[in-house]
Amino acid sequence: MLFDFLRRKKTEHEIDMSRLPQHIGVIMDGNGRWAKKRGLPRSAGHKAGAESLKKIVTEANNMGIKYITVYAFSTENWKRPQAEVDYLMSLLMDYLVNAEKTLAGENVRIRAIGSRAELSEEMRRQIKKTEELTSNRTGIVMNIALNYGGREEIVHAARELGKQIKAGMLEPENITERDIEENLYTANQPDVDLLIRTSGEQRLSNFMLWQVSYAEMVFVNKLWPDFKPQDLRECILAFQGRGRRFGGI
Ligand code: IPE
Ligand code: IPE
Ligand code: MG
């Protein structure tokens, strides 16, 4: 027991800064259960989750992580009660509006990935604004997956390639993985190498199907509002303890 404790204490300081994941994906799950446990409305869980998010992004940026993609609203989340959808959208709106202030000095570059057509005009305008305001930053790139679905993203890429074929710019037999990658919302970004999901669920729920092909997955039992910078560090340690082979030996 004591040795276990000492070993744990020691590993806390042993993140190998030369082998950090380049791109972390986070399925921020468990806000509703967090609120329920406290007898609070689900909205309180989402609010607490948004606070968690700020701290985690700041920590990742400070550590020198280059890309983080956070799952904020899936293409399936429209199925929730309208009041919850509205609340999530208003939280996301606030996040984007305040990002300039709260993440100022943090050097975070914010982007939204997902299908924008279904979002309100106001939200689309704000996304554009926040993306432009933060585009020349040099720190971590934060992709907010908003009305995002991995399948939708691949359909979107297929349509783009279809247009190129129709325009005579591409032959179907010449389509490569690279062509698909270049038409994903994450074009020009590295694949996700560490995927974290909180709340104990062990599924992808349509998150970054293409980009997680060889990601190391770390499932954490804590609910998202309870996930702390120290938990992120532990996930990175777990990642560094895995033997990655990419199909080789
Ligand atoms: C994750 O928390 C946040 C979103 C999906 C937007 P949930 O709202 O899914 O929380 P649980 O899974 O019901 O506890
Ligand atoms: C995934 O969580 C989506 C986000 C975290 C935004 P869900 O709570 O929607 O996923 P399921 O329904 O448990 O698969
Ligand atoms: Mg959930």
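Here are some notes:
- Distance between the 7 Å Cα→Cβ label points at Tyr214 and Glu132: 3.9 nm.
- Across the range 110-167, Cα-Cα pairs more than 16 Å apart make up 54 percent of the total.
- Solvent-free Debye calculation, one equal scatterer per alpha-carbon of the chain: log10 I(q)/I(0) at 0.10, 0.11 Å⁻¹ equals -0.52, -0.63.
- The stretch between Asn221 and Ser115, if pulled fully straight at 0.36 nm per residue, gains 35.2 nm over its current Cα-Cα span.
- Between Lys66 and Glu100, full extension at 0.36 nm per residue minus the direct alpha carbon distance yields a gain of 10.4 nm.
- Gain upon complete extension [Ser18, Val85; 0.36 nm per residue less C-alpha separation]: 20.1 nm
- The residue among Tyr87, Asn136, Ser205 whose Cα reaches farthest toward the positive pole of the charge dipole of the chain, with charges on the beta-carbon of Lys, Arg, Asp and Glu, is Tyr87.
- Qualifying chymotrypsin sites (Phe, Trp or Tyr not before Pro) in the range 134-212, where qualification requires a DSSP coil assignment and no more than 11 other C-beta atoms within 10 Å, are lacking entirely.
- Distribution of pairwise C-alpha distances over the range 165-248, 10 Å bins, in %: 14, 36, 29, 12, 8, 0
- About the centre of its Cα atoms, the range 107-249 shows a dipole size close to 360 debye [charges on the beta carbon of Lys, Arg (+1) and Asp, Glu (-1) only; nearest 20 debye].
- Here the spin labels are modelled as points 7 Å beyond Cα on the Cα-Cβ line, and at Arg38 and Ile175 they lie 4.7 nm apart.
- ³J(HN,Hα), Karplus 6.51/-1.76/1.60, whole Hz, each residue of the range 191-206, x for Gly, Pro: 4, 5, 9, 10, 10, 10, 10, 8, 5, x, 6, 10, 8, 8, 6, 6
A short reminder: the numbers here are calculations on the coordinates, not readings from a lab. For clarity, every value in this text was computed on a predicted model and none was experimentally measured. All Cβ positions, even for glycine, are placed from backbone atoms using ideal geometry, and neighbour counts span all protein chains on display.
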